[in-house]
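Input: a single structure, listed below in structure tokens.
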Amino acid sequence: MPANKVQLLTLSIAATADFNEYLAVSQAGTLAAAGAKMFGLATTNGEINVQLAVDVLGTSVAIAGAAIAKDADLEVGVNGKLVTQAAGITVARAVQAAAANGDQLEVLLLP
């Protein structure tokens, strides 16, 4: 099933780095650090010094950093991808499963 989303709130921030859509973004406009909080998920590719739309509430599309089971709690992994929660801060819950690193999946964003 393709990844869908039902965003309830999308905000704009200034990107301070270049990165691809659907990755975890910090409030500083960079990729969120592994295990840390995230502001939300980028809705498009980000370019430095350009405004970026970020889904912060509702469901959104994320990129998996590894295989993820449906309904798993998620944290930010390396390179802004989401992974199954281990020791970091829970930032989302998997609405869909992901079979492998790089797969897109729908996630429920958690405040």
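The values are calculated or read from the model by the stated rules, or taken from the named source; none is laboratory data. Because the structure is a prediction, the values reported are computed rather than measured. As a convention, Cβ positions derive from the backbone with ideal geometry for all residues, glycine included, and neighbour counts pool all protein chains shown.
Miscellaneous remarks
- Failed item in (1) modelled with pLDDT under 95; (2) surrounded by 15 or more Cβ atoms within 10 Å (Cβ to Cβ); (3) of a type in the set (S, T, N, Q), with N49 passing the rest: (2)
- Residue within segment 87-101 that is closer than 17 Å to N20 by Cα, part of a loop (DSSP other than H, G, I, E, B) and not polar (S, T, N, Q) present: no
- Qualifying residue in segment 58-67 (condition: farther than 14 Å from A3 by Cα, surrounded by fewer than 21 Cβ atoms within 10 Å (Cβ to Cβ) and hydrophobic (A, V, I, L, M, F, W, C)): yes
- Scope segment 37-70; condition over 12 Å from the mean Cα position of the chain (by Cα), in a loop (DSSP other than H, G, I, E, B) and not polar (S, T, N, Q); matching residues: E47, I48, V50, A66, A67, A69, K70
- Inter-residue pairs, beta-carbon under 8 Å, first within 13 Å of D73 (Cα to Cα) and in segment 85-111, second basic (K, R) and outside any strand (DSSP E or B), 6+ apart: I89/K37; V91/K37; A94/K70; V95/K70; Q96/K70; A97/K70; E106/K5
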